[in-house]
Amino acid sequence: VENGVGSIPGTLTADVATPQGASAVHWTEKSAAPDSWIWVDPASRLAGGSYYQVSVTVQGAGDVYLDFWNGQWDLTADPVQLTSEPRTFSLRVWVPETTDTHLQVRTASAGPVDLYASGASIRLLKTAQGS
């Protein structure tokens, strides 16, 4: 769990299941600051000059949004107040050059977080050459 200045208190438990049975991670924090986050990185650097579809499903409690760092700037979805119903965030993103990228679930405001994140994916949509 991070907040831009380093690790912060919070619990991240891998290899759990959502109430619906999906494989997930569970993030809890009693009082998260705005823009605290958990993230997943692709197994290898994403190819530059390409479009990708990034998504993650979240549920639980907290005010969160999806953030994707494309190596130059953050691309974000609108924040939502989580409930027990699963909600999938999705963004179409451009990666301008081959670089390290991060798919993040971030807090939109201060407060407690108790969420499940599942089904994170980054899919190649199209390269600049159209392949």
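With a ≥ b ≥ c taken as the square roots of the eigenvalues of the C-alpha gyration tensor of the chain, please select rounded if a/c is under 1.5 and otherwise prolate if a/b is larger than b/c or oblate if it is not? Let's see the in-between values first.
On the way: a/c = 2.05, a/b = 1.62, b/c = 1.27.
Prolate, because a/c is 1.5 or more and a/b exceeds b/c.
Over region 68-109, what relative contact order in percent results from Cα pairs under 8 Å that are six or more residues apart?
On the way: 32 pairs, mean separation 24.1, N = 42.
Rounded, it is 57 percent for region 68-109.
Quick one: which residues, 5 or more positions from Thr101 or on another chain, have an amide H under 5 Å from its amide H? H modelled 1.01 Å from N in the peptide plane, none for Pro or chain starts.
Leu46
Could you point to the residue in Val40, Val93, Pro19 farthest towards the positive end of the chain's charge dipole, with +1 and -1 charges on the Cβ of Lys/Arg and Asp/Glu respectively?
Value computed over the given set: Val93.
Normalising by the residue count of region 27-125, find the relative contact order in percent from Cα pairs under 8 Å and 6+ residues apart. Write out the running numbers ahead of the final one.
Values: 269 pairs, mean separation 47.1, N = 99.
The normalised contact order for region 27-125 reaches 48 percent.
Write down the accessible area per residue of the chain in Å², having rolled a 1.4 Å probe over the full set of protein chains. Before the final figure, lay out the partial values.
Details: 6890 Å² over 131 residues.
Computed with neighbouring chains in place, this is 53 Å² per residue.
Show me the chymotrypsin sites (Phe, Trp or Tyr not before Pro) within region 1-82 that DSSP assigns to loop and that have at most 10 other Cβ atoms within 10 Å of their Cβ.
On the way: sites: Trp27, Trp37, Trp39, Tyr51, Tyr52, Tyr65, Phe68, Trp69, Trp73; in loops: Trp73.
Here the sparse-neighbourhood loop sites are Trp73.
Among Ser84, Gln72, Ser55, which residue has its Cα furthest toward the positive end of the charge dipole of the chain, with +1 on Lys/Arg Cβ and -1 on Asp/Glu Cβ?
Looking along the dipole axis, the top candidate is Ser55.
Tell me the accessible surface of Ile8 in square angstrom (1.4 angstrom probe, heavy atoms of protein chains only), to the nearest ten.
40
Using label points projected 7 Å from each Cα along Cα→Cβ, tell me how many nm separate Val16 and Asp78, to one decimal.
2.9
Using a 1.4 Å probe on the protein chains only, how many percent of the accessible area of the chain belongs to carbon and sulfur? The partial results should precede the final answer.
On the way: 3440 of 6890 Å².
In the chain, the share of accessible area belonging to carbon and sulfur is 50 percent.
Charges only on Cβ, +1 for Lys and Arg, -1 for Asp and Glu: so what's the dipole of the chain about the Cα centre, in debye to the nearest 20? The partial results should precede the final answer.
Details: 7 positive and 13 negative charges, 76 e Å.
Computed about the Cα centre, the dipole is about 360 debye.
The values are calculated or read from the model by the stated rules, or taken from the named source; none is laboratory data. Quick caveat, the model's predicted, so the values are computed rather than measured. Virtual Cβ from ideal backbone geometry, glycine too; neighbours counted across all protein chains shown. The accessibility values were calculated without ligands, DNA or RNA, using every heavy atom of the protein model including side chains. Shrake-Rupley method; radii C 1.70, N 1.55, O 1.52, S 1.80 Å.
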